[in-house]
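J.: If you scroll down you'll find the structure; I have some questions about it.
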Amino acid sequence: MSKKKIWFDRQENETLEDCFERIQRLGYTVVARREKPLFEQVGEDYIPVKQLTQFQAIKNS
């Protein structure tokens with residue numbers, strides 16, 4: 001039986017602890033983390049705006 005994995009995005013103004021608690025309340029366990037930079041184009045340059053954090057989690061049985 002395979003476990004369902006989904007990605008959760010950390011919300012604006014949410015701490016990492018708050019995000020972990022939200023994921024656990026939904027019945028999931030975090031198994032991976034990834035961060036993606038978000039850029040904005042200004043002229044010909046790309047300026048980093050913020051860092052997006054995502055957590056991959058599996059459903060608890």
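The values are calculated or read from the model by the stated rules, or taken from the named source; none is laboratory data. Since the model is a prediction, treat every value here as computed from it, not as a measurement. Counting neighbours? That spans all protein chains shown, and the Cβs are built from the backbone with ideal geometry, glycine included.
J.: Test Phe39 against the criterion of being over 10 Å from the mean Cα position of the chain (by Cα), surrounded by 11 or more Cβ atoms within 10 Å (Cβ to Cβ) and either modelled with pLDDT under 95 or at negative phi (or both), and give yes or no.
T.: yes
J.: Output yes when any residue across region 14-29 is surrounded by 12 or more Cβ atoms within 10 Å (Cβ to Cβ), assigned to a strand (DSSP E or B), β-branched (Val, Ile, Thr) and in contact (Cβ under 8 Å) with a residue 12 or more places away in the chain, and no when none is.
T.: There is at least one residue in region 14-29 that is surrounded by 12 or more Cβ atoms within 10 Å (Cβ to Cβ), assigned to a strand (DSSP E or B), β-branched (Val, Ile, Thr) and in contact (Cβ under 8 Å) with a residue 12 or more places away in the chain.
J.: Oh, and also: Report every pair of residues separated by at least 6 positions or lying on different chains whose Cβ atoms are under 9 Å apart, first residue within region 40-59 and assigned to a strand (DSSP E or B), second acidic (Asp, Glu) and surrounded by 10 or more Cβ atoms within 10 Å (Cβ to Cβ).
T.: Tyr46/Glu40; Ile47/Glu40; Pro48/Glu40; Val49/Glu40; Leu52/Asp9; Thr53/Asp9; Gln54/Asp9; Phe55/Asp9
J.: Take the residues in region 42-56 that are within 12 Å of Arg10 (Cβ to Cβ) and not basic (Lys, Arg), then tell me which one is nearest to the chain's Cα centre (by Cα).
T.: Per the stated criteria, the residue is Gln54.
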